[in-house]
Structures are given as C-alpha cells and as structure tokens.
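Here's the structure, in structure tokens; my notes come after.
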Amino acid sequence: MGEPLLRLQNITKRFPGVVANDSVSLEVYPGEVLALLGENGAGKSTLISILYGLYRPDEGEIFIEGRPVKIASPLDALRLGIGLVPQHPTLVGRHTVAENLALGIGTPLLPARRIVPLIERIAQGYGLHIDPKAPVHQLSPGEKQRVEIVRALLRGAKVLILDEPTSVLTPQEAEALFQVMRELKAAGKSLIFISHKLEEVLAIADRCTVLRRGRVVSSLPTPEASKTKLAQMMVGRSVSFERKRANPQMGEVLLRVEDLQVRSGRNLPALRGVSFELCAGEILGIAGVAGNGQSELVEVLAGLRKMEGGMVRLAGQPLVANPARLFAQGVAHIPEDRIHMGTVPSMSVAENLALRTFHQAPFARGFLSNPAAYAANAEARVKEYAVATPSIHTPSRLLSGGNIQKVILARELAGQPRLILAVHPTYGLDIGATEQVHRVLLEKTYQGAGVLLVSEDLEELLSLSDRIAVLYQGRLRGPYPVGQISREQVGLLMTGGEA
Amino acid sequence: MEEILNALARALSFGTPLLIACLGAILNERVGVVNLGVEGMMALGALAGFALAFGSGVGDGNLWLAVLAAMLAGALAALVHGFVTITLRANQFVSGLALTMLGLGAAGLLGKRFEGQPLFNQPPEWPFTLGAIGLALLLAFVFYATKIGLSLRSVGENPAAADLLGINVLGVRYAAVAVGGALAGLAGAYLSLVYRPSWTDGMTAGLGWIAVALVIFVGWSPLRAIFGAVFFGLLYYLQFRLQGQSGVPSEVFASLPYLLVILVLALSGLRGQQGNAPEALGKPYRRGER
Ligand SMILES: Nc1ncnc2c1ncn2[C@@H]1O[C@H](COP(=O)(O)OP(=O)(O)OP(=O)(O)O)[C@@H](O)[C@H]1O
Ligand SMILES: [Mg+2]
C-alpha cells in the first residue's frame, strides 16, 4: 500500500473528568476512505479536532507523508492540505451562503459576488443545490450541512475529514455526497468519514477503525466487517436492528390540522394549505427534503410560529400559541437545532433537564429553587438514557453531540406527553442510543401518545411510522399507510415526482 | 437662509470629531470588541497632538506630525485595552471604562503645563470634515466589497467559524482595535489642533460617549454614521446658540448631550436597532472552547 498519507501515533487527550483519546494510533492511505466509528462520546470529534488544530494533544505525534508535523491552528491544518466538514455547522448566521463560502478564499474585491459562479459549478456538478444569496440563519440544518460540504470542495484538500456529514441529509443527498467521495478517492485523496449509519459505512469505507471510550478497539478492512460485528465492537454488546411495529392501538383524533398556511422566516409561503389528522397511539411520519416546510410545520405546532391561515385543533381545542402552555398540555418538542433551541449550552446538565419544569414543585419551593430535586431528577434521567457526562453539573456544551441529544430526549419525553413532535430524534445518536429512542417512542404510543416524526432518514420513517406523508414545497402528499407505499415512491414524492 | 447654512456648517464642524470617533468605534465593534474607552483615547490624542505642535514650535508643517502623534497615542492606549480583553479575555466593559478614566486623568495631569496656552495657527476645518466623510465611505466599501471586510465582519459575528477557515481571529481583533484607537486619537487631535487650537482639561466634553452611543443609533453602519454625526452636531450647535440667549442655567444645557444619548438609545431600542449588533460583540474568543 506504500506510505500512509496521514498517520497518528499514540494521541492522548484528557479533559477534566474524561480521557477523550487514549493513546490512539491510526493511518490513512492515499485513495482510501477510513471510517471512524464509536459510540457517542467515544472521542471521534476530539481526535478530529486535534488533527485540525483546534485542540492540542497532551501526547502523541502526527505524520503527513512520513514527515512529523505540528498542527497548532486550523491555518496550519489548511496549509497541510487538511479539510474539515465539522459535526455542527460552523457558519456565520447573518451572512449569506456566498459570503460564508468566500470567507478566507474569496477574491480581494467583491469576494461574495465573484465566488457565485464557482459555487454554481460545484452545485451543478455534484448535485448539491444551495441558493448563494440566502442568509444562512434561515437555512435548515440539512441545507447548512450542504453549505459545509460545498465549502470543503471549494477549498480542496489532500485529507478530507467528514464528521457525521450525512446525519441530516436525505438519501439522495447522501448518495450525491458518496459520489463526490468516490471521485476524490479516485483522485488519490484520503478521506476520514464519521457516521453512525452502518449501511453507509459498509457502502463507502475501505477500512473501519472503532473507538470505545477513547481507545482504538479494532481496525479492520470493510469486507471483513458486518453491521452486527461493528455494532458489537462499538457498544460492547449485541444490538438488534429489528424494529417491527406491534399492532398499533389507534385512539381518538388527537391533532387536526386544516388548510394550514404559514410564512417562513424569509417571509415566503412555507406551508400552502396543509391538512392531516393524527390519532392517539399513532406515529405519523413526515418525509421531505430539508427546507420544504417541515421546520415551519413543527414550529407552529410547538407554538413558536404564527399561522397565516387555517386551523389547528389539539384534542378538539384550538391550539394555544404558547410553548410553555402547550408543554403543560402534554406537547413535547424535540427540536431540529439541538444546540441553540434544545438546550442552554452554558447551563449544567441538571439545569437543562429541568428547563421545562423548573417553576413547579419539587424544583421550585416558593421563590427558591431546590438543588436536591434538580440533582435527583438529573441522576435518574442521566442513568435512564445513559448520558455520558463527567457529572450532572457539567455545562451541556461540553458534552459530545449525541449526548446533548440524549439530554433533550430525556427532558422532553419525561412524564406522559400526549403529542410528541420529534424532529430528527436520533440525529447524531449512536446505534445503541437510536435503538433506545425508537423503543421509547413506541412505548409512548402504546401509552396513548401521538407522535409526529419528522425525519429525512427513510429507514427510520418506514420502520417506525404507521402512516407517512411527504412535504414538498409546502404542500402535503398523503398520508399513506406504510404498507401501501414503497421506499422508492416516497423518494420520488420528496423530489416532486408522482408516486 | 444664511442662518440655516451657517447652522449646517457649524453642525459639520461639531460633527467631524463625532464621526471620526464613531467610525473607530464601529470598526472595533464590528470585530466583536466593545471599547468604552473612546473618551479617554480622545483626551490622550488631543493632548499628544497639542504637545507635539506646541513643543516643536507652531507651524503648519508640523500639523500632520502632530496629528500622527495623536493617532499613535490613541492606538497605543487601545492596544492596552486589546491586550486586557483579547489576550487576557477580561470583561470589555470594565476595561473600557478603566481606559476612559485613566486617559482623562493622565491627560489632565500631563497637560497641566499646556493649560491655557494657545496655538497661533488655526488650520482649516474642511479637509478634516471631508476626510471624515471619505473615511466613512471607505469603511463601508471595505466592509461590504472586500475580502478584508468579510473577514472583519465574520470575526465579529462568529469567531469560531472564521478561525476554522484559517482567519487569524486575534490578529484581526488587535488590528481593528488599534485602528479604532488611532481614529479616536485623531478625533481628539481635531479638537485640540483644529476646532479650538488650545489645550484645556476636559475639552473632550463627553463627545467620546456620544460617539459610542452613536454606534448603536446608526446600527453599526458607517454610512448612516455620517447622518448621525451631522444630526448630533446640529444639536450641539443649537445647544450653544440657545445657551447664550435664554435665562436657563448653563448646567442644563451642558447635560443636554447626555440626555440626548439616553433618548437616542431608547429610540434605537424601540426601532429594534440593537438586533443589528454583531453576534459575538463583547465575547472573548478562545479556540476549542465548546
Ligand atoms: N472541550 C471539552 N471540554 C471538556 N470535555 C470535552 C471537551 N470536548 C470533548 N469533551 C469530552 O470528551 C469526550 C469525547 O467527546 P467527542 O465529542 O470526541 O465524542 P464523539 O465520539 O464525537 O461523540 P458523538 O458521536 O456524540 O459526536 C466526551 O466525554 C466529551 O464530553
Ligand atoms: Mg462527535
């Protein structure tokens, strides 16, 4: 195989309370895709951050083409030909897509305008469509992810690192990304690919390296790997992938949406007359490419956005547009933007877990808050959802991506929610945690809750939902009972075709 | 008619130091650093400029040297603020306030021997006024039409994103803070060399504070700063005019600018102007911090 393009040797990184990377060694060869696997909090992003000059390793060495290198800043990494698509979009929200893409590489004059043809060429060539003039804060997470990928392509790199790039992409977009990756591979580049979706890993990777609690537990060529084997190595126990729905017990109509019209943040029509019903005990899946009105639909139902027209009734009553009162009525919301909408990053895990209920007993005693109640609640939730955190007093921003998601789930699904608005509920979760979330959602429906499941992951939608509807440009197609529509038909509807 | 033209001319001449200092503060805040030390840096600039012009004999030839000295003084003072807030990551508001008190105090102390000494040559005001307007146009151009401007704005909005793309966040912040300080020093020099060629303790008279408030009023826009500065210049002029004519105690008029600042901030609050503030304003940046 010759010399590795990139080699890490005995990298160790400690944070207060955790050893994130424990003497990690790995290498990537030219023209190879290396998959980096591991549970939430296993240390994948930390390793990547070291490689990109964001963290300094406590011990260990990095070699590029055989030469030892010091990577003290992202600039060093860029100069060495290392590119990164980070796990969480790191973009300037108020700037346009073009301005974000021109940052650091644009022409001296009119950088944002001159870069547009380049963006369009990449967008056309790879099927990654983005509007260069759109302000980034109005984009959905999936669209932001596309911007990040285009940015990496614009810059070019010898070693391209993709930290969970597909977690919010549609199957079509993911396929487009894989095509890009294959082309880069053929051009002799090295790629490091992080994902919790094992089908993808098996399809694209040449080799898999598995991390557990910061240590490399195994490194093997993909042909020798299988889904169960990888899962076993990551989690340390066997994981079941079967999630067949037991007979749903449909109850009364819980949510009735009639001719709903909503405008987006850009003040364009986002929903153009959407109608559907959701029954107690049912899981209704909403499929669609990001940016077709899913965010707006969920925001209205969570009381976060005004409707322009139409009617929404929850258990027969008109919807009160107030998130706190809706929660009191049993509406749980797992938002798509977990960092800014789902948590307060600088508050502790315990506080984040009590965000919905801090004003009630036992969390509040008169004007005072009750630390013991916070602690007791947090200990129980952290245990139940296996949140990997140094302590319940750790600020939530220090957790790994998947563990932040677990905190939100633990908070929203506590108690007896009647209506669960779940947007990408397993976004960024490892397979063990995904299995657990699916189980919890199903359990809640058996207890009579209705679930509106918004996801771009068709596997997830098809295995969990009772009925599936597709949002395309603000109009709803369906819902169709799951048995009566195929994966391909859903995919077609998502892109505006006829089923 | 003549009255109006005269008022406008005075408004421009009052507005010039406001505009210059305000542009400096806009530049600072656009990269995410609040500097409340404008008043102090203006005083230091005014003194440094005057001292150089006075010490080297009075002649037009030294005017530009004096202006340069003022800008240098402002920049050096600003770099202290930069070190404390960018490198040591201390609270920007506290450091800025300290800089104002320090600057005013030091200028007062060092300037004792120049007190009441006039400079004989009064240079014309218009080159400074035109220069300030040109600077506003230039700054707007840099912000919105150049790569440097894009980096500046990105650092103030999301330093982590800028860092990820290889922009030297701390370097950009230091540079902007130094230039912002130089502009505050220049505004001070305008007062002590051009507007009223003399040195008196406290001659900045709260102009620095108004410049800071103006930043919010004009929504961090260099172009709107031109109009904001002229508007406030007009208010200053009216204040002086009325002061001579009415029987109202002069203290009332002297406090008018500050009342106006409060009014203006309230108005910009109502207009939702605060929403224009750069996202990372006031927040120190440390790489790798989650
Ligand atoms: N800056 C930091 N300060 C303190 N702890 C940190 C920091 N960064 C990471 N950690 C901890 O290091 C561990 C590894 O985190 P990392 O983000 O690398 O996990 P990951 O494998 O990427 O997980 P995920 O799949 O959830 O993204 C976690 O326990 C996390 O809490
Ligand atoms: Mg991660």
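How about the range A:149-172: which of its residues are in contact with a Gly (Cβ under 8 Å, 6 or more places away or on another chain) and within 23 Å of B:LEU165 (Cβ to Cβ)? Residues satisfying the conditions are A:ALA152, A:ARG155, A:GLY156, A:ALA157, A:LYS158, A:VAL159, A:LEU160, A:ILE161, A:GLU164, A:SER167, A:VAL168, A:LEU169. The conditions of being surrounded by 22 or more Cβ atoms within 10 Å (Cβ to Cβ), more than 16 Å from ligand 1 (Cβ to nearest atom), assigned by TED's automatic domain parsing to the domain that holds A:GLY156 and hydrophobic (A, V, I, L, M, F, W, C) are met by A:ALA102. In the range A:270-299, of all residues being out of contact with any Asp or Glu (no Cβ under 8 Å at 6 or more places or on another chain) and farther than 25 Å from A:VAL482 by Cβ, the one that is surrounded by the fewest Cβ atoms within 10 Å (Cβ to Cβ) corresponds to A:ARG272. Residues in the range B:153-176 that are farther than 19 Å from A:ASP76 by Cβ and not aromatic (Phe, Trp, Tyr): 8 in all. Of the numbered criteria (1) at pLDDT 95 or above; (2) under 19 Å from B:TRP126 (Cβ atoms); (3) surrounded by fewer than 24 Cβ atoms within 10 Å (Cβ to Cβ), the one B:PRO17 fails is (3). For the range A:106-130, enumerate the residues that are more than 8 Å from chain B (Cβ to nearest Cβ) and in contact with a Lys or Arg (Cβ under 7 Å, 6 or more places away or on another chain). Result: A:LEU128, A:ILE130.
Among the residues of the range A:38-69, the ones that are away from ligand 1 (no atom under 16 Å from the Cβ) and within 17 Å of A:LYS158 (Cβ to Cβ) come to 8 in all. Taking residues in the range A:170-187 that are free of Cβ contacts under 8 Å to residues at least 60 places away in the same chain, and partners anywhere that are outside any helix (DSSP H, G or I), the pairs with Cβ atoms closer than 7 Å and at least 6 places apart or on different chains are A:ALA174/A:THR166; A:ALA176/A:GLY127; A:ALA176/A:LEU128; A:LEU177/A:PRO165; A:LEU177/A:THR166; A:LEU177/A:LEU169; A:LEU184/A:LEU160; A:LEU184/A:LEU191. Report, by residue number, each residue of the range A:438-453 that is among the β-branched types (Val, Ile, Thr) and crowded, with 23+ Cβ neighbours inside 10 Å. Selection gives A:THR445, A:VAL451.
Scan the range B:129-143 and give yes if some residue there is away from every other protein chain (no Cβ under 14 Å), closer than 20 Å to B:TRP220 by Cβ and without any contact (Cβ under 8 Å) to a residue 40 or more places away in the chain, otherwise no. Scanning the range B:129-143 turns up at least one residue that is away from every other protein chain (no Cβ under 14 Å), closer than 20 Å to B:TRP220 by Cβ and without any contact (Cβ under 8 Å) to a residue 40 or more places away in the chain. Scanning the range A:449-492 for residues being assigned to a strand (DSSP E or B) and either on the phi > 0 side of the Ramachandran plot or not basic (Lys, Arg) (or both) gives a total of 15.
For A:ILE62, state whether it is out of contact with any Asp or Glu (no Cβ under 9 Å at 6 or more places or on another chain), within 30 Å of A:LEU399 (Cβ to Cβ) and buried (at least 19 other Cβ atoms within 10 Å of the Cβ). Taking the combined requirement at face value, the residue satisfies it.
Look at the range B:112-125: where a residue is under 16 Å from B:ALA66 (Cα atoms) and a partner is modelled with pLDDT under 80, sitting 6+ places away or on another chain with Cβ atoms under 8 Å, you get B:LEU119/B:VAL58; B:PHE120/B:VAL58; B:ASN121/B:VAL58; B:ASN121/B:GLY59; B:ASN121/B:ASP60; B:PRO123/B:ASP60.
In the set A:LEU160, A:LEU118, which member is buried (at least 19 other Cβ atoms within 10 Å of the Cβ) and either away from ligand 2 (no atom under 16 Å from the Cβ) or of a type outside the set (S, T, N, Q) (or both)? I'd like the intermediate steps shown before the answer.
Values: A:LEU118 fails: buried (at least 19 other Cβ atoms within 10 Å of the Cβ).
After ruling out the rest, the residue left standing is A:LEU160.
Taken together, the residues in the range A:47-79 that are within 10 Å of ligand 2 (Cβ to nearest atom) and within 10 Å of chain B (Cβ to nearest Cβ) amount to 1. Within the range A:380-400, the only residue that satisfies the criterion of being more than 14 Å from ligand 2 (Cβ to nearest atom), part of a helix (DSSP H, G or I) and in contact with a strand residue (DSSP E or B) (Cβ under 9 Å, 6 or more places away or on another chain) is A:SER396.
When the range A:80-105 is filtered for residues that are of a type in the set (Gly, Ala, Ser) and either more than 7 Å from chain B (Cβ to nearest Cβ) or over 15 Å from B:ILE167 (Cα atoms) (or both), the ones remaining, listed by number, are A:GLY81, A:GLY83, A:GLY93, A:ALA98.
Can you tell me which of B:LEU68, B:LEU88, B:LEU109, B:LEU97 is in contact (Cβ under 8 Å) with a residue 60 or more places away in the chain and surrounded by fewer than 23 Cβ atoms within 10 Å (Cβ to Cβ)? Every option except B:LEU97 fails the conditions. Each residue in the range B:242-262 was checked for being assigned to a helix (DSSP H, G or I), free of Cβ contacts under 8 Å to residues at least 40 places away in the same chain and not aliphatic (A, V, I, L, M), and 7 pass.
Within the range A:165-178, can one find any residue that is at pLDDT 90 or above and of a type outside the set (D, E, K, R)? Yes, the range A:165-178 contains at least one residue that is at pLDDT 90 or above and of a type outside the set (D, E, K, R). The residue pairs whose first member lies in the range A:385-410 and is of a type in the set (Val, Ile, Thr), whose second member is near ligand 1 (Cβ under 8 Å from one of its atoms), and whose beta carbons are closer than 6 Å, counting only pairs six or more residues apart or on different chains, are A:VAL387/A:ASN403; A:THR389/A:LEU399.
Every condition in (1) among the aliphatic types (A, V, I, L, M); (2) outside any strand (DSSP E or B); (3) buried (at least 16 other Cβ atoms within 10 Å of the Cβ) is met by A:ALA72 except one, and the failing one is (3). Among the residues of the range B:239-275 satisfying the criterion of being farther than 17 Å from B:ALA211 by Cα and polar (S, T, N, Q), which is surrounded by the most Cβ atoms within 10 Å (Cβ to Cβ)? That would be B:GLN239. From the set of residues in the range A:9-30 that are outside any strand (DSSP E or B) and surrounded by 17 or more Cβ atoms within 10 Å (Cβ to Cβ), which is nearest to the other protein chains (Cβ to nearest Cβ)? Only one residue tops the list, namely A:PRO30.
The values are calculated or read from the model by the stated rules, or taken from the named source; none is laboratory data. All values derive from a computational prediction rather than experimental measurement. Counting neighbours? That spans all protein chains shown, and the Cβs are built from the backbone with ideal geometry, glycine included.
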